[in-house]
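Enquirer: Could you have a look at this structure, given as structure tokens, before my questions?
Bear in mind that the values in this text are calculations on the coordinates, not laboratory data. Treat the numbers as computed from the prediction; the structure is a model and nothing was measured. Note that we place each Cβ from the backbone using ideal geometry, even for glycine, and neighbour counts take in every protein chain shown.
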Amino acid sequence: MRLLKLFVPIFLSIILIVLDARFSYLDNFKRFTLTLLSPIYLVVDLPSQVIDWVNDKGSETELLVSKNDYLEGQLIELKAKLQTYNNLTLENQKLSNLLESSYLIPGHNVKLARIKSISQSRLTKKIVINKGFNDGVTLSDLIIASDGVVGQVTEVTPMYSTVRLLSDPTQHIPVKNSRNGIRGITKGLASNESGMVLKYIPLESDIKLGDIFMTSGIGNYYPSGYSVGRVKLIDENQDPSFMTVYLEPTQNMNRLELVLIVKEKND
């Protein structure tokens, strides 16, 4: 009885296999069975599909985030390079302006320096530059910039020098009018504003607003022909015999970064 129960299913299976292999009787039945089982396959396969979809989306998101971070990094780097380029362009322009000024001082050597600090008050106007006697700087050396005279070296240390600005109340500079050669000596004003004054100019002198006064070369401290100041006010009422002329520096001291140290050539 047990053998019968064992062999009957086996026998039926063999018959079904032979019939399926040799004939098409079971094709409709198989299609019907597969159709019934399709939803089950779909449900069984759904978790793995969901996992694959999440992994794919996660990979795409991670890739997009990575690319976005890379592009942001590149953008920041390009902006930094652009700032550096703009700064170098500005520095080159400043250097060009300074070096173009050097032709006005033949017979002198020039050395480039950078301003370290600026001190301007009512009674004292000075700057400190990053060159000292280790660089060959000496007392009374002339300091200029692209638009005119800045001042004169008054203190020297191994690495730094102090420059008294031309608008300092204790600074005097021999000058002449670039238009007609009228001479005078400037003196800095004891004021919070940068300015100079020319006194004892005869009333009949031909001086007009906007005239440029430049170094006259008298006294050998300043090379001749370099801009000092521009006439901004003429006062003829302080003295019955002389006029008082007020100048503003041709060089804007508030925008200084680089200057030139002017020295006599040693032939």
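Enquirer: From the phi angles alone, apply the Karplus equation (6.51, -1.76, 1.60; θ = phi - 60°) to region 130-139 and give each ³J(HN,Hα) in whole Hz, x where the residue is Gly or Pro.
Expert: Running phi through 6.51 cos²θ - 1.76 cosθ + 1.60 with θ = phi - 60° gives 8, 10, x, 6, 5, 9, x, 6, 10, 4 Hz.
Enquirer: How far apart, in nanometres, would the label points at THR154 and THR244 be if each is projected 7 angstrom from Cα along the Cα-to-Cβ direction?
Expert: Each label point is offset 7 Å from its Cα along the Cβ direction, giving 2.2 nm.
Enquirer: List the residues, sorted by chain then number, that are 5 or more residues from LYS116 or on another chain and whose placed amide H is less than 5 Å from its amide H.
Expert: Amide H neighbours of LYS116, under 5 Å, 5+ apart: VAL128, ILE129, ASN130.
Enquirer: Whole-Hz ³J(HN,Hα) for each residue in region 249-256, computed from phi via Karplus 6.51 cos²θ - 1.76 cosθ + 1.60 with θ = phi - 60°, x for glycine and proline: what do you get?
Expert: x, 6, 8, 6, 6, 6, 10, 6
Enquirer: Between LYS232 and ASN130, what length in nm is gained on full extension when 0.36 nm per residue of separation is reduced by their alpha carbon distance? Working shown, then result.
Expert: Details: separation 102, 0.36 × 102 = 36.72 nm, distance 3.27 nm.
Answer, rounded to one decimal: 33.4 nm.
Enquirer: With θ set to phi - 60° and the Karplus curve 6.51 cos²θ - 1.76 cosθ + 1.60, what are the ³J(HN,Hα) couplings of region 178-183 in order, to the nearest whole Hz, using x for Gly and Pro?
Expert: Residue by residue, region 178-183 yields 5, 7, 9, x, 4, 9 Hz.
Enquirer: Give me the extension gain from HIS172 to LYS208: residue separation times 0.36 nm, minus the current Cα-Cα distance, reported in nm with one decimal. Walk me through the intermediate numbers first.
Expert: Values: separation 36, 0.36 × 36 = 12.96 nm, distance 2.16 nm.
The HIS172-LYS208 span can extend by a further 10.8 nm.
Enquirer: Within region 227-267, list the residues whose amide N lies under 17 Å from a label point set 7 Å along Cα→Cβ of ASN109.
Expert: Label zone hits: 260-267.
Enquirer: Does region 105-264 classify as rounded, prolate or oblate by the C-alpha gyration tensor (a ≥ b ≥ c root eigenvalues; a/c under 1.5 gives rounded; else a/b over b/c gives prolate, otherwise oblate)? Don't skip to the end; give the middle numbers.
Expert: Numbers: a/c = 2.34, a/b = 1.71, b/c = 1.37.
Prolate, because a/c is 1.5 or more and a/b exceeds b/c.
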